[in-house]
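So the structure is just underneath, and the comments pick up after that.
The values are calculated or read from the model by the stated rules, or taken from the named source; none is laboratory data. Here the structure is a predicted model, which means the values were calculated and not measured. Virtual Cβ from ideal backbone geometry, glycine too; neighbours counted across all protein chains shown. Calculation scope for accessible area: heavy atoms of the full protein, side chains included, ligands and nucleic acids excluded. Shrake-Rupley method; radii C 1.70, N 1.55, O 1.52, S 1.80 Å.
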Amino acid sequence: IAYEIWSGFHAKDKKYLDQFIDSMGYSPKYRPDPNIGRADIFIGSMVRFDILARLGRIKTLVNEIKDIYLAQLRDGSGTFFEHYNALSGCHAVNGSVGTLLTNHVLGLGQPSELTKKIRISPHPCGLRWARGAAKCSDGMIFMNYMADHDEHVLDIRLTIPEGWNYDLDVPFELCGWKILLNGEDKV
């Protein structure tokens, strides 16, 4: 099912997509169908995470990543590895989680060398802060945010090389929030 969706099939079948999102994965919202095999922690979960990101289901993505990796980050080396008790460092496939967190939770997109522009679209999803960086031909791009969920304020700090610009895409979940970008009110 994950590979079908990931390959572009069922893109408009809401019932099929909802079943995949809500009754599969590491911590399903509803009881899984016992006749459908669940994805393993490696390839299957990474495909699932990518699908959740593509569908804009960032909150579900964050919750599942927390369920799988939070204890590893808290107790381990700070990398995403095979199992909670693993002695090895980052497993190559699990490394894609860092990219998903940077691109979809922090919201720091891939730099466009052609237009010298970067898209930012933060999704705090209950998190208090996030930070990350991206490399471009003219140097480094740094972004972090602090999210005050009680006051509905998102304070973003963005550093981009000279000659670069950004596009700010405020997701629906932040409607009604005060968005600050380098101290300037953006919404």
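Observations on the model:
- Qualifying positions in region 145-187 - small (Gly, Ala, Ser) and touching a Pro at 6+ places or on another chain (Cβ under 7 Å): ALA147
- A residue that is part of a strand (DSSP E or B) and in contact with a helix residue (DSSP H, G or I) (Cβ under 7 Å, 6 or more places away or on another chain) cannot be found anywhere in region 110-118.
- Qualifying positions in region 1-17 - at pLDDT 90 or above and of a type in the set (Asp, Glu): ASP13
- The one condition from (1) open to solvent by less than 80 Å² (accessible area, probe 1.4 Å); (2) under 25 Å from ARG57 (Cα atoms) that GLY183 does not meet is (2).
- Selection count, region 114-131, where residues are among the hydrophobic types (A, V, I, L, M, F, W, C) and free of Cβ contacts under 8 Å to residues at least 24 places away in the same chain: 2
- Residue among GLY78, GLY56, GLY107, GLY95 that is modelled with pLDDT under 90 and at positive phi: GLY78
- Pairs with Cβ under 7 Å, 6+ apart, first in region 55-70 and under 14 Å from HIS104 (Cα atoms), second assigned to a helix (DSSP H, G or I) and at pLDDT below 90: ARG57/ILE21; THR60/ILE21; ILE65/VAL97
- Matching residues, region 144-187, being in contact with an Asp or Glu (Cβ under 9 Å, 6 or more places away or on another chain) and at pLDDT below 95: GLY183
- TYR26 being surrounded by 12 or more Cβ atoms within 10 Å (Cβ to Cβ), at pLDDT below 85 and part of a loop (DSSP other than H, G, I, E, B): yes
- Remark: pairs (first residue in region 162-173, touching a residue at least 12 places away in the same chain (Cβ under 8 Å); second residue hydrophobic (A, V, I, L, M, F, W, C) and open to solvent by 70 Å² or more (accessible area, probe 1.4 Å); Cβ separation under 8 Å; 6+ apart in sequence or on different chains) = VAL170/VAL187.
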